[in-house]
1. From the list 245, 234, pick out the single residue that is in contact with a strand residue (DSSP E or B) (Cβ under 9 Å, 6 or more places away or on another chain), assigned by TED's automatic domain parsing to the domain that holds residue 48 and on the phi < 0 side of the Ramachandran plot.
2. Could you please give the count of residues in the range 153-170 that are surrounded by fewer than 15 Cβ atoms within 10 Å (Cβ to Cβ) and part of a loop (DSSP other than H, G, I, E, B)?
3. Looking at 98, 91 in this structure, which one is surrounded by fewer than 19 Cβ atoms within 10 Å (Cβ to Cβ) and touching a residue at least 12 places away in the same chain (Cβ under 8 Å)?
4. Taking residue 278 and the conditions (1) surrounded by fewer than 20 Cβ atoms within 10 Å (Cβ to Cβ); (2) assigned to a helix (DSSP H, G or I); (3) in contact with a helix residue (DSSP H, G or I) (Cβ under 8 Å, 6 or more places away or on another chain), which numbered condition does it fall short on, given that it satisfies the others?
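The values are calculated or read from the model by the stated rules, or taken from the named source; none is laboratory data. The model shown is predicted, which means the values in this text are computed figures rather than measured ones. Here the Cβ is made from the backbone with ideal geometry for all residues, glycine too, and neighbour counts use every protein chain on show.
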């Protein structure tokens, strides 16, 4: 790690100078040797760096969304040219160029932040070793070595021996408790950040290998941070925990204000927007108008969530305009009612329900047939009997049919001579 950190020694002096300037401010409030003065100096360094990285963070969001949209096309290219790797790479580069997507843009914030991280690690390691570095002179070095955060020195590590911790005027148990809590918080914040991205801000209609990779990273990254964290000084843990919390809050803001199309976050955002439009009769805010403008511009390419939003506006008698505003429209109401009428179709019954309905219908028919037969028999009993005797040679009408119910009605065809 020291070899890697030395590669970023060109930025060690600027990082140490920034920490010293923040320490002067917080030292006047909490005291020069206070752990709060040095700890808040590191936190302020993180905030300053992350503010400078906001443009790269915006590029990261755009690149991540473009990669999600391109996943089906990339998969098609891979299947089409699976036996020609060179042609596959050429088509991939052509796709990136046409869409203006850079796969490395999603890693830009981490790559840009890495030099500051290693420079800070190198500074804290030098403090632990009692060596002057960058803008930290001997007086500041002694002050930093005396600074403790909840009983743990800034330069102490979880894996340090009792003798090394004692040289920093601290107790080994205090150091391990503080570092363990910070490692757990650091890993948990990393997991929550990744989980928030996967559960709320991913287009659920597109199932791609990219989503599976993100799910794997959601569990792998916290483990990596936990393993690496036991070798980080307390000051570096403060730095990394602060940057994780910043990332989590920044991502939460982006999810709420600019969600990915087709995600649960977009559904929640459009529901809030619909309530606002219902209350005020207009789209308030530049960001919201920009969202509505983008939905209108998509036309027939809207996803189900966006179509639902447009239909809900139509039911209120409102129509979204190309500039992101809404206006009253009677035509929109008629179209919404017509679409709703078309969608109203009888629900298909399950097999069990169909069988139950069939048995009930058959039972009703049998009951009606029985009632009719009973009525007929009663009418026959009540009818007066004929006093005239019928001729003896003539059997009663229908008697032959009753004797042989299987015979056909009317005159019977003579049997073939060969049949007896």
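1. Only one candidate qualifies: 234.
2. 3
3. 91
4. (3)
The rows are residues; the columns are (1) touching a strand residue (DSSP E or B) at 6+ places or on another chain (Cβ under 9 Å); (2) closer than 26 Å to residue 52 by Cα; (3) at pLDDT 85 or above.
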{"position": "113", "(1), (2), (3)": "no, yes, no"}
{"position": "158", "(1), (2), (3)": "no, no, yes"}
{"position": "162", "(1), (2), (3)": "no, no, yes"}
{"position": "165", "(1), (2), (3)": "yes, no, yes"}
{"position": "179", "(1), (2), (3)": "yes, no, yes"}
{"position": "185", "(1), (2), (3)": "no, yes, yes"}
{"position": "197", "(1), (2), (3)": "no, yes, no"}
{"position": "201", "(1), (2), (3)": "no, yes, no"}
{"position": "206", "(1), (2), (3)": "no, no, no"}
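So that you can scan it fast, the table gives a plain yes or no per residue for (1) outside the structural domain of residue 159 (by TED's automatic domain parsing); (2) over 26 Å from residue 10 (Cβ atoms); (3) touching a helix residue (DSSP H, G or I) at 6+ places or on another chain (Cβ under 6 Å):
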| residue | (1), (2), (3) |
| --- | --- |
| 49 | no, no, yes |
| 55 | no, no, no |
| 63 | no, yes, yes |
| 77 | no, yes, yes |
| 97 | no, yes, no |
| 118 | no, no, yes |
| 126 | no, no, no |
| 129 | no, no, no |
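Okay, residues lined up against (1) modelled with pLDDT of 85 or more; (2) touching a strand residue (DSSP E or B) at 6+ places or on another chain (Cβ under 8 Å); (3) part of a helix (DSSP H, G or I):
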| residue | (1), (2), (3) |
| --- | --- |
| 288 | yes, no, yes |
| 308 | yes, no, yes |
| 319 | yes, yes, no |
| 327 | yes, yes, no |
| 338 | no, no, yes |
| 342 | no, no, yes |
